[in-house]
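Taken together, the values in this text are just the output of simple stated rules run on the coordinates, not laboratory data. Being a predicted model, the structure only gives us computed values, none of them experimental. Heads up, the Cβs are rebuilt from the backbone with ideal geometry, glycines too, and the neighbour counts pull from every protein chain shown.
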């Protein structure tokens, strides 16, 4: 599985997501390197179709797809935890579900 | 700006165009519309404003509204209107001069000024933007101390949030 974590330095949340992602991959028995991709400009954000930091991609697909209207820019992503709370990081259970979904279809 | 320093004054328009600035004991929160940290702490900060009516509470949005249209002055007006009003003014720092004068780093970034305009607290509202139970307790503890004329025990914490979107 190709695993990417796209991040921007203006958001302090990616280390937590990186730790969550490592834990989920380990728990699910998925051996994969995590490719850390720093997004540094609006141009790069558009080229990478980067909706904000942090963004996790599994085999090129956003683990938690944003709304189609979401612009691509240097910004922090707004996630919702499963209980509805606003969060700067995705719910680890959503990451787990995405890893399982991709893994099952390989 | 260090704890104990005199804070810069400012006068900025709210979402109705009325000008506001620090007056007496004042909480200045640099914040915005789009940041998950600002959104996570938003309700807690509104509640602080409701719970301390004797304190001037100013939310200030300094983000570049051209690159980030969700933080434009128009978007600020729409947000406050959609909420049916806020208990405190939401100010537009179009030139970003106030944010620069305060050396604000993130949204949110909280400053408490005493009645002599001296900085008494700077940092985060509490320890976790996702945990409503924390109730902006760092801000409340510092504000309680300032209101009784004492030094806050925890005068500085690390501001946590999205970087301010400078022009």
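With a 10 Å Cβ neighbour count serving as the proxy for reagent exposure, in which order, fewest first, do B:166, B:138 appear?
On the way: B:166 11, B:138 20.
Ranked by crowding around the Cβ, least crowded first: B:166, B:138.
Cα atoms only: what Rg and Dmax, in Å, come out for chain B?
Values for chain B (Cα only, Rg and Dmax): 14.4, 43 Å.
May I ask for the distance between the Cα centers of region A:34-106 and region B:60-92, given as a whole number of Å?
That distance is 26 Å.
How many percent of all Cα-Cα pairs in chain A sit more than 22 Å apart? Let's see the in-between values first.
On the way: 1390 of 5565 pairs.
Beyond 22 Å sits 25 percent of the P(r) for chain A.
In degrees, nearest 10, range 0 to 90: what is the angle between the Cα axis of helix A:14-27 and the longest Cα principal axis of chain A?
Helix A:14-27 and the main axis of chain A meet at about 20 degrees.
Any chance you could run the full-extension gain for residue A:27 through residue A:49? It's 0.36 nm times the residue separation minus the Cα-Cα distance, nm to one decimal. Write down the numbers at each step before the final one.
Values: separation 22, 0.36 × 22 = 7.92 nm, distance 2.89 nm.
Full extension of this stretch gives 5.0 nm more.
If you take each beta carbon of peptide A:80-91 and count the beta carbons of other chains within 10 angstrom, what is the mean?
Details: counts 1, 1, 0, 1, 0, 5, 11, 6, 11, 2, 0, 0.
Mean partner shielding for this stretch: 3.
If you count the DSSP beta bridges with both ends in chain A, what percent of them are antiparallel, to the nearest 5?
Values: 8 of 14 bridges.
Taking every DSSP beta bridge with both residues in chain A, the antiparallel ones total about 55 percent.
Contour minus end-to-end for residue B:82 and residue B:54, with contour as 0.36 nm per residue of separation and end-to-end as the Cα-Cα distance?
Details: separation 28, 0.36 × 28 = 10.08 nm, distance 2.60 nm.
Result for the pair: 7.5 nm of gain on full extension.
In terms of the Cα gyration tensor, with a ≥ b ≥ c the square roots of its eigenvalues, is region B:3-46 rounded because a/c is under 1.5, prolate because a/b exceeds b/c, or oblate? Numbers along the way, then the final one.
Numbers: a/c = 2.28, a/b = 1.33, b/c = 1.71.
Oblate shape, in that a/c is at least 1.5 and b/c is the bigger or equal ratio.
Want the number for residue B:95 to residue B:18: 0.36 nm per residue separation, take away the alpha-carbon distance, what's left? Walk me through the numbers on the way to the answer.
Numbers: separation 77, 0.36 × 77 = 27.72 nm, distance 1.68 nm.
Value of the extension gain: 26.0 nm.
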